[in-house]
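Okay, structure first, notes after.
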Amino acid sequence: MPKTERLIELMMTIHTRRKFTAGELAAEFGVSYRTILRDLDELSALGVPIYSETGANGGYYLLNEPVLPPLFFTQSEAAAMFFAYQSLQFFGSLPFDAETRMVLKKFYRHLPAETQERIDAMKDRIVFWNPHRPKAAEHLETLLDAAINQSVLTVVYDGTDDCGKRCIQPIGLYSWNGFWYCPAYCFKRQAFRLFRADRILRAEKANSGQARQLPYPSVLSWIKHSESECPEPVQLQAELTVQRSQAGCG
C-alpha cells in the first residue's frame, strides 16, 4: 500500500477506535513497528490530536476534538457543499456562527483552482435569501445543547405581556422568515409553548428541576403536530392592484 494511501486509511482507522497501540496498527497494516510510529508522528504534525500514554495499560488516544479524516469531492459535490454553507449567510444568528464562517473559508481555500473559478462564477447568480433581523438571538447554542441533552433551562423571556424568569425544556430550534423559534415545555405554564429565540434575554442550565419525557422525538414532529391541530385553516383571498410610479413604466 502506498504511503499516502496508508496514512489516509490509518487516520480513518484511529478515528473509529479512540484507543489503540502501535503494535496493533502495525499488525493490521502489515508494516513494522517503527513505520507505524513514523506514520503516527506525521499525522500528529498534520494536526490529528493524538495523545500517547506509557505504562502497562498505555497506548494512544484521540483528544476530545479530533480532526476529521480527509474527504474527496467531485466538482459538483464541492459546489453543493459550498452553497449549502453559503445559504446561511443572511441569518442574523446561527448556533455556531464563528465556526460556520471559518468552515466556509477553509473549505473554499483548499478547493482546486478550477473548482474555485466555477464557484466564483456561480456566487453572483444564486442567493438563498432570508429576511435580515437586526436583533440577534444570543443563546442558540445553549438552547440547542439543552434540546440535544433534554435538560432544563432557566431563561428570562421578554414576552408580549411580561418579562420574567421561567424554566423550560427545549424540543429544538427552527428558523422561519428570518427568526429562530424554540418550542419547549414551560414548567410555569405546565404546557408546551413556542418561544422566539431573540426574546430570550438570558439562558442557563437550571440548578434544579426534573426533566420530563417529552412526546416529541424531534422538532419536526412538534411542527407536524402543531399543524395538524388546525384542521380547518382560515382561507383568505386578496386582490392586488398595480401602483405605478410618476415616471411610469416606459
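The values are calculated or read from the model by the stated rules, or taken from the named source; none is laboratory data. Not measured: the values here are computed from a predicted model. Note that we place each Cβ from the backbone using ideal geometry, even for glycine, and neighbour counts take in every protein chain shown.
Summary of values
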{"read-out": "Answer from Tyr185, Tyr216 - the residue that is outside the structural domain of Glu99 (by TED's automatic domain parsing), aromatic (Phe, Trp, Tyr) and touching a Lys or Arg at 6+ places or on another chain (Cβ under 7 Å)", "value": "Tyr185"}
{"read-out": "Close pairs (8 angstrom Cβ cut-off, 6 or more residues apart or separate chains): farther than 15 Å from Tyr51 by Cα and at pLDDT 85 or above in segment 6-35, surrounded by fewer than 16 Cβ atoms within 10 Å (Cβ to Cβ) and among the small types (Gly, Ala, Ser) anywhere", "value": "Ala26/Ser32; Tyr33/Gly23"}
{"read-out": "Matching residues, segment 127-161, being touching a residue at least 40 places away in the same chain (Cβ under 8 Å), part of a loop (DSSP other than H, G, I, E, B) and farther than 16 Å from Arg212 by Cβ", "value": "Phe128, Asn130, Pro131, His132, Arg133, Pro134, Lys135, Ala136, Ala137, Glu138, His139, Gly159"}
{"read-out": "Within segment 73-87, tally of residues that are under 13 Å from Phe128 (Cβ atoms) and not hydrophobic (A, V, I, L, M, F, W, C)", "value": "3"}
{"read-out": "Selection count, segment 51-72, where residues are modelled with pLDDT of 75 or more and out of contact with any Asp or Glu (no Cβ under 9 Å at 6 or more places or on another chain)", "value": "4"}
{"read-out": "Candidate set: segment 17-44, residues that are hydroxyl-bearing (Ser, Thr, Tyr) and over 13 Å from Tyr60 (Cα atoms); chosen: the one surrounded by the fewest Cβ atoms within 10 Å (Cβ to Cβ)", "value": "Ser32"}
